[in-house]
Amino acid sequence: MEKLKLRLKSEPVNRAKEISKEIVEDLMDLIRENTTTSIERTVLRLFGIIGADIDDTPYVNIIVKQLMKKGVLEMGASLYVLNACVHHDEEPEVIAKMVAEENLDLTEIPMGDYEKINALSQRLTQAAMDHIAKIKDERDKLLYETWSDPPRPYKYVIVATGNIHEDVVQAQAAARQGADIIAVIRSTAQSLLDYVPEGATTEGFGGTYATQENFRIMRKALDVVGEEQNRYIRLVNYASGLCMPEIAMMGAWEGLDFLLNDSMYGILFRDINMQRTIIDQYFSRLICAASHITINTGEDNYLTTSDAIEKAYAVTASQLINEAFALKAGMEPKYMGLGHAFEINPDIKDGLSYEIAHALLTRELFPEATLKYMPPTKHMTGDIFKGYAMNTMFNFVSVLTGQDIQLLGMLTEAIHTPFMQDRYLAVKNADYIFNNTFSLGKEFSIDDDSFISQRAHKVLEQAIELLEHTREVGLMQSIEEANFADIKRTQTGGKGLDGVIKKSPKYYNPFEGAFRRLLNLDDEVFEGGVH
Amino acid sequence: MEKLKLRLKSEPVNRAKEISKEIVEDLMDLIRENTTTSIERTVLRLFGIIGADIDDTPYVNIIVKQLMKKGVLEMGASLYVLNACVHHDEEPEVIAKMVAEENLDLTEIPMGDYEKINALSQRLTQAAMDHIAKIKDERDKLLYETWSDPPRPYKYVIVATGNIHEDVVQAQAAARQGADIIAVIRSTAQSLLDYVPEGATTEGFGGTYATQENFRIMRKALDVVGEEQNRYIRLVNYASGLCMPEIAMMGAWEGLDFLLNDSMYGILFRDINMQRTIIDQYFSRLICAASHITINTGEDNYLTTSDAIEKAYAVTASQLINEAFALKAGMEPKYMGLGHAFEINPDIKDGLSYEIAHALLTRELFPEATLKYMPPTKHMTGDIFKGYAMNTMFNFVSVLTGQDIQLLGMLTEAIHTPFMQDRYLAVKNADYIFNNTFSLGKEFSIDDDSFISQRAHKVLEQAIELLEHTREVGLMQSIEEANFADIKRTQTGGKGLDGVIKKSPKYYNPFEGAFRRLLNLDDEVFEGGVH
Amino acid sequence: MMIYPYGDTTNDGAMQLSFTLPLKASALAKEAAKSLVKKMGFEKTEVVSMQDLGGDFSFFVVYGHTTTGINTDDIQVVEAKFDHMDRVQVDEYIEEQIGRKLVVVGATIESDAHTVGLDAILNMKGYHGDYGLERYKNFEVYNMGSQVLCEDLIKKCKEVKADVVLVSQIVTQKNIHVKNLSKLMDLMEAEGLRHHIIAAVGGPRISHELALELGYDIGFGPGTIPSQVASYIATTKKERLENE
Amino acid sequence: MMIYPYGDTTNDGAMQLSFTLPLKASALAKEAAKSLVKKMGFEKTEVVSMQDLGGDFSFFVVYGHTTTGINTDDIQVVEAKFDHMDRVQVDEYIEEQIGRKLVVVGATIESDAHTVGLDAILNMKGYHGDYGLERYKNFEVYNMGSQVLCEDLIKKCKEVKADVVLVSQIVTQKNIHVKNLSKLMDLMEAEGLRHHIIAAVGGPRISHELALELGYDIGFGPGTIPSQVASYIATTKKERLENE
Ligand code: B12
Ligand code: B12
Ligand SMILES: Cc1ncc(COP(=O)(O)O)c(C=O)c1O
Ligand SMILES: Cc1ncc(COP(=O)(O)O)c(C=O)c1O
């Protein structure tokens, strides 16, 4: 027998997907015509530039800042760095040091031999692409050949002590307890930093800084437990924010498996400028797509500021937009961790019917996606027992409706970032429910005139209405109207607009092309070229 | 839409009921031809005899013992007491004191005027019947007219401090928290006492003694909260054991609403002689039927000694037998609280599908019964969190499958009799689930070829097999073969056989007839008569 | 009156505990859990569950009976006292007693991005069926949202001549809220604003006691409804005006 | 080594508590809950949930950080020591070392009617995949079931010349098990049986320590499997024979 099914009609589904595609299409010019400071820094990082000066400012920031100040960032940072490399016959990291510590002005170096620059560019680009491919292949091999992909829903937990070494202790314990996926939550407001901190960090608030070194430490720690347990343990971090593409690159580099990466989350929840985020998300998703990193979108967050029943359709609309953006970036559906959440007020009569309707709708709209299902958070209180019961039902709905990634609810959600025992209790709850109700979804069928079915169709219709309106006014205008998460943002407001730079016609960025070619994105290549 | 349904075929259902009826029929001679010390004490209690001597031996025990010693109990205790009353021109309670304290020998009083005796008998019987009717009517009025019957599943909790006054504190708090039904658990091994203690008691182990005074105290305490909350709060006690009919009578007298009253529980779980229990259960159920007391049967207990999947059919078979016995005692189906339980090992894959199948089977076999659904107990451990999750699923299955009485699971089941907070957490869990999943049972349908449906039919078939065998060998032999709860008892083993007395042809017991007439039981009246 | 926790017998002191110890699950670990709890003054302790968490940690559930009781007469409750009026009453009160609109500036400050709590108090919609301050005729509300630097908040207060500043702090890990809230107070003092403005702070881990400690006039904890805040503002403003 | 409970930072002392106080839910009750926990040696306590239970009681969930730690070097584990063999090994061991079947009498005594635990140890079927003592070639098992009076148990032991008596006690409320178990010991002593018979007690709230205190040779707690009991019996019997 088949799993519980709504049997959505194909007409509205197709229509919804079509409209979403057009919404995203409409933004491709913005994406094509602009770069951002973070994209440029990403390119430099891909060239192998790491490290920071004594004030902890990363070299890549210093370089990009210099180029910006000089008004030449519109050409792309790579050109200047490559030119300097050729000029000094040094690797990019040496050039970076020279800029940072010896005040080398890149714009003062006369443009050298285009052929040499091109050759160097090709070598460096290839090296980076090779590394990313290697990391990707290693992971894929461990996951699907050496061991095997765990059964779904995957058990996903977070660690958030603020100290990467303490995080390791917690993460390893969680993995040993049975977690499939470990996310290291970032320190409060890291997403507002316009740079990525360097090195191992031990002081964060509500989370641990995302740094390349921290990624490496945690990846290694999980591999140790993986070996012990003969299974691969996935690692997650967060790429939303002002450094979206840089973190994506670091994730790809260090073997992360999932990245929180939403086309609108930063705009809505971190007040990051919308143009900035829209441009950044594209580049970061190219990297994810090329690296087989599963992105996780953040629709769950909408239900913390909006009502989960009233605004269910905004979740659906956003999922469709996120999907359309991801498709544009060449991402296969299975790497789309589209988000939704179990956030209905637990005191609502028949709330579970709504939850099931919404969960099934997401499941059937995106049959191939690796859906991410978020636990109750907003209605969690200090009553940890009620919370544990809510998490039980959340786990139940997940397995009943065939979700993929289960972000396990913590009974202490309203109190603190998780203690070791909280996570343990969460894993055990999931183990109990996933096993005890394993095939239950195959036992029942839903009639077309049932409340659940009607509800799902209604939410889809409402989502289509919003999408239609959004297509009409454009996504940015729609966000200005507070159509998503009830949060209003303006096109020129928020943080990071100063980091959006209109590309010159001579703009150069070898990676965009490299990724796009890898991903068979057949529309014109944007990176320009060295002329 | 209809609630979740199995659509059981009517053929096996009818067959099962038919066989059960025959099994019970087969025992009616035993029941007809015998009385027990406890039945005789019950009659005396109905005549108004209460109190105990300085050694705490109840007067009714002293009287019955005297008559037994003298070898005249086969005539029924009432005759001797009535005769003494006429002789001394006193009420039965005075006679009782005389027997107990002045060594009055009832058998030495010459048999007096039959007419006078008959008249007195009629008056006393009528008074008792009137009292019982009054209590019943008062309850029915409060429940269905003054206020209204709470929605199902009813929330049923236990108190078990050992001290009736502490019980009151706990029971009132539970009622204020929302419990619909309060059960006062009895002290360990009270069922083995061949007398009912007197007065308010403050020292019990794992429960509080069932005494008439304790019943009264608790009934009053609950009425106080009922008034406060504008709803009627049901009170439960336990009638299994050596004093089954006496406790039934006290329950009827003091306005209890439910009595644990099973045709086999005492035999299996307290090693009470089977003849004794079979005879006693009949008389006690007459009282319950006449008083609108809902009986609760104890099939849940089978799953503590047997495996809940393997021996699910024994539960079903026992329910059918209990139903047949209850029908024989003139009980309307709605007063049959047939028991079953959520006792499958939580670590079993797809255990919930089994639970749902079993719960639906019970529901559909007894559509009019007020089913009692028991929580996980055996597989509860000191892990109170896992326990809370199990109780959540238990509550879920109950509402999904339309159960009536929900004996709320305690998260500390494996640890201690409930603390006040344990009960609170249980009520809140039920509130959450009952409300949040209220109509979910109407959302799904089950195909005939689903696992759940197949499983239910299989259990029913297995139950029928056991019933067929039981009809062949007789219920007593079947119990000897350990077919129920995997516990073996013999016809002449266990406690209390010495209290079974073959009735003389002149046996007299005015209440049996009174109850049977009231209940329109049209087959011959057993009580004999005063000749 | 001396009181003790209550399980099922008056003054039995019954409590439930759960915790993790940095020991592998073992007889030693179990005994350690028991000893620890005994050392804390518990009797009749039962380690009812011990579960290995992997990597030298175990999780325990313990029931025990504490010998510690407390005298309720010794308990000091630091509680804000004000009359709770409804929206209409507050509006009337302000009109009659103050005679002008009160200017309210609200923000979640510094690194904190949580707005739901603040919005619950300020937005039209309100919270738990109680309308927010924007709905009141006699409040002029500026909701600056979240992640507002203390400096920017102060600038705004000056600009709109705020009567009241409402600050929200939700994230409390490593006492980040104490740091943020102290910073605001220090700046307000430095700017000479503290006297003129009623300063209130709210959040799920905020108590009135903590608010006072940090130099605020009042603290609002979980479950606060807007009309409580409105009532407090109105009555306090009136008092202040009287005392000036 | 000094250890403390662990939440998310080494030695943070984090613990969860829940309990009921005989007070109506109120600011006073909340403060009382906090004070109580502080008095028990907790810091940074948060009363995260207070719920009225009706009738002057409230329920609290509290998180706090205890300042109490314990030194694992000071922990004394009273643990029974014996080699754990499997069924075949035990049977061989008895054959070789003792040379005859051992007679085992089991019962749940006095008012206690729980048989599942005792049956788990004795019945063929056993427990958790480990066969029960009846399945062993070299045990002769008499399972008297539950509610067995001490007097009857002793009679049976004499009658069958028991080598071992296995007693189960499940109900522990108001220490009824202590009463029952002491009674049996007293009677065994009085009858002069105690020396000849190995006496073991088991149950979910039974520890080896308690068993020793009450005069038994060994106590078996929750999760006991039959082969442990069998191993203990065989090795102890051999020792006793050697020491005779
Ligand atoms: C919603 C939410 C979010 C949303 C916020 C969306 C938004 N725009 O507000 C999102 C998803 C963005 C988010 C992000 C994060 N969150 Co958050 N979040 C929550 C959550 C689930 C609910 C909070 C909430 O909305 N409650 C409902 C409101 C109505 O209640 P309230 O805030 O208590 O407000 C009431 C009272 O306190 C009072 N009040 C509050 N403020 C004020 C102000 C005044 C003036 C007055 C008078 C009264 C008042 O009145 C309100 C009504 O009664 C809580 C968990 C929980 N269940 O509590 C975690 C929680 C608060 N978040 C937490 C964390 C750590 C984060 C992150 C830092 C995680 C990370 N590293 O990425 C991020 C970053 C946020 C940041 N930079 O600050 C932690 C904080 C832990 C701690 N104690 O420090 C919590 C407890 C979750 C957890 N267990 O980890 N979060
Ligand atoms: C099943 C059960 C029953 C069944 C018993 C059926 C039967 N024939 O055994 C029934 C329904 C009849 C019952 C009745 C009662 N029960 Co009861 N029951 C339970 C329950 C649910 C499970 C016990 C069980 O079978 N566990 C499984 C076995 C395998 O585990 P175990 O007993 O711990 O045994 C293991 C070890 O301890 C050890 N072991 C045990 N004995 C021995 C002996 C030896 C020699 C050895 C070596 C090892 C050993 O090995 C076993 C295998 O590992 C528990 C709650 C729970 N989840 O624990 C309550 C529980 C034990 N019952 C309880 C009570 C109070 C009662 C009653 C008194 C209630 C009442 N007033 O009516 C009655 C009366 C019983 C009486 N007179 O004793 C309480 C005891 C509270 C306390 N701590 O004092 C409990 C904890 C429930 C509760 N929270 O209230 N009960
Ligand atoms: C899509 C997405 N990105 C990022 C984050 C994390 O927030 P921050 O960017 O502040 O680390 C979240 C939080 O839940 C999220 O959902
Ligand atoms: C039918 C029935 N009767 C009675 C009891 C209570 O046992 P006792 O008779 O020992 O009080 C139970 C216990 O669960 C029961 O199920």
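The values are calculated or read from the model by the stated rules, or taken from the named source; none is laboratory data. Here the structure is a predicted model, which means the values were calculated and not measured. FYI the Cβ positions are ideal-geometry reconstructions off the backbone, even for glycines, and counts take in every protein chain you see.
Could you list, in sequence order, the residues of the range B:494-511 that are in a helix (DSSP H, G or I) and either buried (at least 20 other Cβ atoms within 10 Å of the Cβ) or at pLDDT below 95 (or both)? Lay out the reasoning, then the answer.
Taking the range B:494-511 first, the residues in a helix (DSSP H, G or I) are B:497-499, B:510-511.
Of everything in the range B:494-511, those that are in a helix (DSSP H, G or I) and either buried (at least 20 other Cβ atoms within 10 Å of the Cβ) or at pLDDT below 95 (or both) turn out to be B:G499, B:P510, B:F511.
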Just to verify a result, which residue in the range A:24-60, among those that are over 15 Å from A:Q281 (Cα atoms) and of a type in the set (V, I, T), is surrounded by the fewest Cβ atoms within 10 Å (Cβ to Cβ)?
A:I54
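Residue under question is A:G337, and the condition is that it be under 16 Å from A:L371 (Cβ atoms) and within 13 Å of ligand 1 (Cβ to nearest atom); does it hold?
For A:G337, the condition - under 16 Å from A:L371 (Cβ atoms) and within 13 Å of ligand 1 (Cβ to nearest atom) - is not met.
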Can you find even one residue in the range D:126-140 that is touching a strand residue (DSSP E or B) at 6+ places or on another chain (Cβ under 8 Å), under 18 Å from D:L193 (Cβ atoms) and not in a strand (DSSP E or B)?
no
How about the range A:1-75: which helices (runs of 4 or more DSSP H) wholly inside it have at least 3 residues that are over 21 Å from A:N322 (Cβ atoms)?
A:37-46, A:59-69
I'd like the residue in the range A:153-172 that is within 10 Å of another protein chain (Cβ to nearest Cβ) and outside any helix (DSSP H, G or I) and, out of all such residues, is surrounded by the most Cβ atoms within 10 Å (Cβ to Cβ).
A:T161
Given B:G255, B:G266, B:G251, which one is more than 16 Å from ligand 1 (Cβ to nearest atom) and within 14 Å of chain D (Cβ to nearest Cβ)?
B:G266
For the range A:290-330, enumerate the residues that are away from every other protein chain (no Cβ under 14 Å), away from ligand 3 (no atom under 14 Å from the Cβ) and among the β-branched types (V, I, T).
A:T316
Given the condition within 10 Å of chain C (Cβ to nearest Cβ), hydrophobic (A, V, I, L, M, F, W, C) and in contact with a Pro (Cβ under 9 Å, 6 or more places away or on another chain), answer yes or no: does some residue in the range B:386-397 qualify?
no
Checking the structure you have, find out if any residue of the range B:173-188 is within 14 Å of chain D (Cβ to nearest Cβ), out of contact with any strand residue (DSSP E or B) (no Cβ under 6 Å at 6 or more places or on another chain) and at pLDDT below 95.
yes
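Quick grid of which residues meet (1) under 19 Å from A:G251 (Cβ atoms); (2) part of a strand (DSSP E or B):
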{"site": "A:A290", "(1), (2)": "yes, no"}
{"site": "A:I295", "(1), (2)": "yes, yes"}
{"site": "A:E310", "(1), (2)": "no, no"}
{"site": "A:A317", "(1), (2)": "no, no"}
{"site": "A:N345", "(1), (2)": "no, no"}
{"site": "A:L352", "(1), (2)": "no, no"}
{"site": "A:E355", "(1), (2)": "no, no"}
Kindly indicate whether any position in the range D:66-84 is free of Cβ contacts under 8 Å to residues at least 24 places away in the same chain and more than 8 Å from every other protein chain (Cβ to nearest Cβ).
yes
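Being within 16 Å of ligand 3 (Cβ to nearest atom) and either in a helix (DSSP H, G or I) or within 14 Å of chain D (Cβ to nearest Cβ) (or both) is the filter here, so list the residues in the range A:357-385 that pass it.
Those that are within 16 Å of ligand 3 (Cβ to nearest atom) and either in a helix (DSSP H, G or I) or within 14 Å of chain D (Cβ to nearest Cβ) (or both): A:T362, A:M380.
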Considering each of B:T362, B:T304, B:T392, B:T294 in turn, give the residue that is among the polar types (S, T, N, Q), within 22 Å of B:N483 (Cβ to Cβ) and crowded, with 22+ Cβ neighbours inside 10 Å.
B:T362
Looking at this structure, is B:E203 of a type in the set (D, E) and modelled with pLDDT of 95 or more?
no
Being assigned by TED's automatic domain parsing to the domain that holds C:L102, modelled with pLDDT under 95 and more than 16 Å from ligand 4 (Cβ to nearest atom): is that true of C:T235 here?
no
Exclusive hit being within 14 Å of chain B (Cβ to nearest Cβ), away from ligand 3 (no atom under 16 Å from the Cβ) and farther than 20 Å from C:V47 by Cα, set D:Y136, D:Y131, D:Y142, D:Y127:
D:Y127
Across the range A:190-208, what is the number of residues that are within 13 Å of chain C (Cβ to nearest Cβ), buried (at least 20 other Cβ atoms within 10 Å of the Cβ) and either in contact with a Pro (Cβ under 9 Å, 6 or more places away or on another chain) or of a type in the set (A, V, I, L, M) (or both)?
1
Flagged pairs (Cβ under 9 angstrom, 6 or more apart or on separate chains; first in the range A:416-430, free of Cβ contacts under 8 Å to residues at least 24 places away in the same chain; second more than 16 Å from ligand 2 (Cβ to nearest atom) and in a helix (DSSP H, G or I)) are A:H416/A:D422; A:H416/C:Q173; A:F419/A:Q170; A:D422/A:I384
Say we look at the range C:108-122 and pick out the residues that are of a type outside the set (D, E) and assigned to a loop (DSSP other than H, G, I, E, B); which of these is nearest to ligand 3 (Cβ to nearest atom)?
C:A113
Suppose we filter the range B:335-351 for residues that are among the basic types (K, R) and crowded, with 22+ Cβ neighbours inside 10 Å; how many remain?
0
Counting only residues that are within 14 Å of B:E33 (Cβ to Cβ) and not in a loop (DSSP other than H, G, I, E, B), which one in the range B:512-531 is modelled with the lowest pLDDT?
B:G528
Condition set surrounded by fewer than 24 Cβ atoms within 10 Å (Cβ to Cβ) and among the small types (G, A, S), scope the range B:406-449, selection farthest from the other protein chains (Cβ to nearest Cβ): answer is B:G441
What number of residues within the range D:8-45 satisfy the criterion of being away from chain B (no Cβ under 14 Å) and surrounded by fewer than 20 Cβ atoms within 10 Å (Cβ to Cβ)?
13
Considering the range A:450-493 alone, what residues qualify as being away from every other protein chain (no Cβ under 11 Å), on the phi > 0 side of the Ramachandran plot and aliphatic (A, V, I, L, M)?
A:A482
With (1) surrounded by 20 or more Cβ atoms within 10 Å (Cβ to Cβ); (2) more than 16 Å from ligand 3 (Cβ to nearest atom) as the list, and A:E227 as the residue in question, which single condition is left unmet?
(1)
